[in-house]
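Notes follow once the structure below has been shown.
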Ligand SMILES: Cc1cc2nc3c(=O)[nH]c(=O)nc-3n(C[C@H](O)[C@H](O)[C@H](O)COP(=O)(O)OP(=O)(O)OC[C@H]3O[C@@H](n4cnc5c(N)ncnc54)[C@H](O)[C@@H]3O)c2cc1C
């Protein structure tokens, strides 16, 4: 995961809610939109004009991961205004975060924005313990490791099945790999009886697909 800071006068006083993303120009438009734009959550923003992203360097790098490897200090970037509905629902009885490392950029911003009195549950997946991003409220987070001997392809969903949640629904924020997002929502709605409206699902990537937004 690479932290990349974008800074400049034009970034002062942006309208941003934690959890929202930007669409960033990572390639040439000559070859069309598919390879030109990728979406990244805002890890942190400070209204003096600094905005931080966390870009995951995954094993099949496309234009986004390659951009994160090659971008240099001083290089200009172009991107859209922050947008998106993966944002904290303030009146929720508690907040549940489920996702992989790509989701942790959005989740980090959202966790920092919550008051300390808010109840938080989280199941987060990374490759190894060394890959855990530094997130707030560390003691409330449950980590799942992809390369642990006994985990299968559904380790995140399996860990959520085992999570001891209150009996009443809270608000779930689900992001990351598309199929896992669907499995997670299905579990909350079908097995735990949550209303669909108590889940906000945002698939970030899918095997074989190029850019999801
Ligand atoms: C709302 C939103 C917010 C997002 N926020 C972030 C963020 O904060 N940080 C971040 O890193 N990404 C984030 N993403 C994903 C990001 O937009 C890109 O899809 C991702 O960086 C891959 O882009 P790429 O060009 O490298 O690969 P692509 O050309 O999009 O994909 C090439 C292939 O690589 C594989 N692949 C893609 N992503 C992964 C992965 N994570 N793990 C394993 N294999 C993969 C797939 O098989 C895919 O077919 C977000 C996506 C959305 C929709």
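The values are calculated or read from the model by the stated rules, or taken from the named source; none is laboratory data. Computed from a predicted model, the values in this text were never measured in an experiment. Note: ideal-geometry Cβ built from the backbone for every residue, glycine included; neighbour counts use all protein chains shown.
Would you check which residues across the stretch 21-47 are part of a strand (DSSP E or B) and surrounded by 18 or more Cβ atoms within 10 Å (Cβ to Cβ) and list them?
Passing the criteria: 21, 22, 23, 24, 37, 38, 39, 40, 41, 45.
If residue 90 passes every condition in (1) touching a strand residue (DSSP E or B) at 6+ places or on another chain (Cβ under 8 Å); (2) free of Cβ contacts under 8 Å to residues at least 12 places away in the same chain; (3) under 21 Å from residue 194 (Cβ atoms) but one, which one does it miss?
(1)
What number of residues within the stretch 197-212 satisfy the criterion of being near the ligand (Cβ under 6 Å from one of its atoms) and within 25 Å of residue 92 (Cβ to Cβ)? It would help to see each step written out before you state the result.
The first filter runs over the stretch 197-212 and keeps only residues near the ligand (Cβ under 6 Å from one of its atoms), leaving 202, 204-205, 207-212.
Those still in the list that are within 25 Å of residue 92 (Cβ to Cβ) too: 202, 204.
Residues flagged as near the ligand (Cβ under 6 Å from one of its atoms) and within 25 Å of residue 92 (Cβ to Cβ) within the stretch 197-212 amount to 2.
Suppose we keep only residues that are in contact (Cβ under 8 Å) with a residue 24 or more places away in the chain and on the phi < 0 side of the Ramachandran plot within the stretch 70-84. Which one would you say is nearest to the ligand (Cβ to nearest atom)? Outline the logic, then answer.
First, pick out the residues of the stretch 70-84 that are in contact (Cβ under 8 Å) with a residue 24 or more places away in the chain: 71, 77-84.
If we keep only those that are on the phi < 0 side of the Ramachandran plot as well, we get 71, 77-83.
Details: 71: 13, 77: 15, 78: 15, 79: 12, 80: 12, 81: 14, 82: 11, 83: 9 Å.
Going through the qualifying residues, I end up with 83.
Yes/no per residue for (1) modelled with pLDDT of 95 or more; (2) assigned to a loop (DSSP other than H, G, I, E, B):
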| residue | (1), (2) |
| --- | --- |
| 179 | no, no |
| 190 | yes, no |
| 201 | yes, no |
| 204 | yes, no |
| 208 | no, yes |
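Is it fair to say residue 179 is in contact (Cβ under 8 Å) with a residue 40 or more places away in the chain and more than 11 Å from the ligand (Cβ to nearest atom)? Break it down into steps so the answer makes sense when it comes.
Working: in contact (Cβ under 8 Å) with a residue 40 or more places away in the chain: no; more than 11 Å from the ligand (Cβ to nearest atom): yes.
Criteria not met by residue 179.
Could you list, in sequence order, the residues of the stretch 189-202 that are buried (at least 19 other Cβ atoms within 10 Å of the Cβ) and out of contact with any strand residue (DSSP E or B) (no Cβ under 6 Å at 6 or more places or on another chain)?
194
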